[in-house]
Amino acid sequence: MTWGDRRERRRTRAAVALGCLLALACAACTGPDGTPPPADPDGAPKGPIIVASGLDVTGSGSVRQQLVEEWNRQHAGSPARQAKLVELPGGADQQRSQLLGALQSGSARYDVVNLDITWIPEFAEAGLIRPMPATGTPTGAAAEDELDVIREVHATTVWKGRSYARPFNTDVGLLYYRPDLMAKADMKADKQPTAKWTWDQLYSSVKTLGVNPVRPADRAGWTTQLKQYEGLTVNTIEAFASVGVELTDGEGRYVSDAGELKKGLDELLDRVERGRVQPAAPTSDETASLTDFAEGRAAFLRHWPYVYKALGHLMQPLEYSVNRLPGKSVLGGQNLAVTADSSRAADARALITFLTSRKSESCLLDAGFAATRASSYTSARAPCWPRVAAALRPAGDAPKAAGSGAPGEGAPKEQGAAARAAYIRTLGAVLDEAVQRPRTPYYGAFTQVLQSRVHELLAAGRPDTAEAAARLDDELRDVFAGR
């Protein structure tokens, strides 16, 4: 089936059953009453180029909004090229549902959508986003610019041999730790960005710390996001990948089996038991796990890059550091795509090019996101747009741990230039070796099945993983076949 066929089929099936979902999606549209902007009599659309995105998690003063405003300043003499950022409420699953409903029904006039990297195959397969124009083999500056995007990050835009987006900001798992707690146990922490810790070394460190958590208030070895949501999927895939378990090939076909799944499940449960995980971890998301770490209830923390900047508002500079995550780290992030129904695709692509330029990526890195370009992690990286850099508030709006007071009140200074440079080198090295979650148009069904089964295992303590793996194997075969 061609892209045009899929698009036509999508138009004809429009979504009587979307009901309440569409009402929610339309609330994020551009008109005050949720209606799309009107068109000129000659058919040219009125109003700005609309960019739909999730909320900015960095607490940086909304660097995405600032980048859109910089684009508008640079195109002040062209009203038709002005842009507007629409932030969708809710978590990732809610945002995905809103975008699917709005684009399938045509109820919202979005020109650019900021998609989680796992959604690209689904939106591409459904004909909801346009393939990026094929330019042949780029040469000169164009080739240099294309090669600057980190290879595995660029691969998140590709489905069935075609690129459907441009990487906007990326993400990857990191290991944060408490040097102050380790020092009290007469332990030395290697902060070098080239150091590669193993899980066995982490288990040994946890044993030396002498922790034995039973209640959520107890100090634990480490913590992470094991609540039944996407964070649990990420942690599971990282455990699977670390022992060589792959679930799908590049075309989304299932390639694992019950034996391999058992190996991956055993690895995850080892991390929970031997790592003496925080008892609250099975109910923890990003915010809860960060709070436990910042308040001393865990010596180690698996989390995303934006936490490095946030910790400067929660802890003293000598109380935290960061390194590679032992084993494999999973990619996250968002990609910018042009919607299939956009009437201004050329302008939308130009906006995407600006938002993913070297200067814009430097702004994203400065704000706390992980940049998608290799040059962003070198001493030769381009500077952030000056007015964007000036607009980003340096303090007072980062996420805060529970009970830590109002944001920015008495916040300690962030770590110095040398520590930040080491962090950036570490982040760049981890991105070069990161792995992806399964590439499939059925990702939504996959992650729900995986979360459900793994959460059952965690609740059961140390169950029969062979039986659990056999059951999961049957279910994943159906999911990845679209059944």
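The values are calculated or read from the model by the stated rules, or taken from the named source; none is laboratory data. It should be emphasised that the depicted structure is a prediction, and the values quoted were computed from it without experimental measurement. Counting neighbours? That spans all protein chains shown, and the Cβs are built from the backbone with ideal geometry, glycine included.
Miscellaneous remarks
- Test: residue in the stretch 123-135 that is more than 19 Å from F446 (Cβ to Cβ), hydroxyl-bearing (S, T, Y), surrounded by fewer than 22 Cβ atoms within 10 Å (Cβ to Cβ) and free of Cβ contacts under 8 Å to residues at least 60 places away in the same chain: yes
- Residue within the stretch 310-328 that is among the hydroxyl-bearing types (S, T, Y) and out of contact with any Lys or Arg (no Cβ under 8 Å at 6 or more places or on another chain) present: no
- Residue satisfying all of: in the stretch 33-60; modelled with pLDDT of 65 or more and within 30 Å of E414 (Cβ to Cβ); surrounded by the fewest Cβ atoms within 10 Å (Cβ to Cβ) among these: L55
- Residue in the stretch 168-182 that is in contact (Cβ under 8 Å) with a residue 24 or more places away in the chain and surrounded by fewer than 18 Cβ atoms within 10 Å (Cβ to Cβ) present: yes
- Yes/no for L115 being outside any helix (DSSP H, G or I), of a type outside the set (D, E), under 19 Å from the mean Cα position of the chain (by Cα) and crowded, with 20+ Cβ neighbours inside 10 Å: yes
- Q65 being within 23 Å of the chain's Cα centre (by Cα) and under 17 Å from S360 (Cβ atoms): yes
Residues checked against (1) closer than 18 Å to A459 by Cβ; (2) surrounded by 23 or more Cβ atoms within 10 Å (Cβ to Cβ); (3) at pLDDT 95 or above:
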position: A281; (1), (2), (3): yes, yes, yes
position: S284; (1), (2), (3): yes, yes, yes
position: H303; (1), (2), (3): no, yes, yes
position: P317; (1), (2), (3): no, no, no
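- Within the set R373, R358, R349, the sole residue that is in the same structural domain as S105 (by TED's automatic domain parsing), within 30 Å of V243 (Cα to Cα) and touching a residue at least 24 places away in the same chain (Cβ under 8 Å) turns out to be R373.
- Any hit, the stretch 74-89, residues being among the β-branched types (V, I, T), surrounded by fewer than 20 Cβ atoms within 10 Å (Cβ to Cβ) and not in a helix (DSSP H, G or I): yes
- Candidates T233, T291, T283, filtered to the one that is within 23 Å of the chain's Cα centre (by Cα) and under 30 Å from R162 (Cβ atoms): T233
- Residue check for S289: modelled with pLDDT under 95 and either on the phi < 0 side of the Ramachandran plot or not in a helix (DSSP H, G or I) (or both): no
Rundown of residues vs (1) out of contact with any Phe, Trp or Tyr (no Cβ under 7 Å at 6 or more places or on another chain); (2) among the β-branched types (V, I, T); (3) without any contact (Cβ under 8 Å) to a residue 40 or more places away in the chain; (4) crowded, with 16+ Cβ neighbours inside 10 Å, yes/no style:
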| position | (1), (2), (3), (4) |
| --- | --- |
| E433 | yes, no, no, no |
| P438 | no, no, no, yes |
| G444 | yes, no, no, yes |
| V449 | yes, yes, yes, yes |
| V454 | yes, yes, no, yes |
| A459 | yes, no, no, no |
| D464 | yes, no, yes, no |
| R471 | yes, no, yes, no |
| L476 | no, no, no, yes |
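- Residue ID - farthest from L472 (Cα to Cα), chosen from residues in the stretch 445-461 that are among the small types (G, A, S) and modelled with pLDDT of 95 or more: A445
- Residues that are part of a helix (DSSP H, G or I), among the hydrophobic types (A, V, I, L, M, F, W, C) and more than 15 Å from I129 (Cβ to Cβ), drawn from the stretch 310-347: A310, L311, L318, A346
Condition check ((1) among the small types (G, A, S); (2) at pLDDT 95 or above; (3) surrounded by fewer than 16 Cβ atoms within 10 Å (Cβ to Cβ)) across all residues:
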position	(1), (2), (3)
F354	no, yes, no
S357	yes, yes, no
S362	yes, yes, no
A371	yes, yes, no
A380	yes, no, yes
L392	no, no, no
A411	yes, no, no
R420	no, no, yes
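- Summed over the stretch 338-365, residues that are of a type in the set (S, T, N, Q) and more than 21 Å from the chain's Cα centre (by Cα) total 2.
- Residue within the stretch 158-167 that is in the same structural domain as L128 (by TED's automatic domain parsing), surrounded by fewer than 20 Cβ atoms within 10 Å (Cβ to Cβ) and touching a Phe, Trp or Tyr at 6+ places or on another chain (Cβ under 8 Å) present: yes
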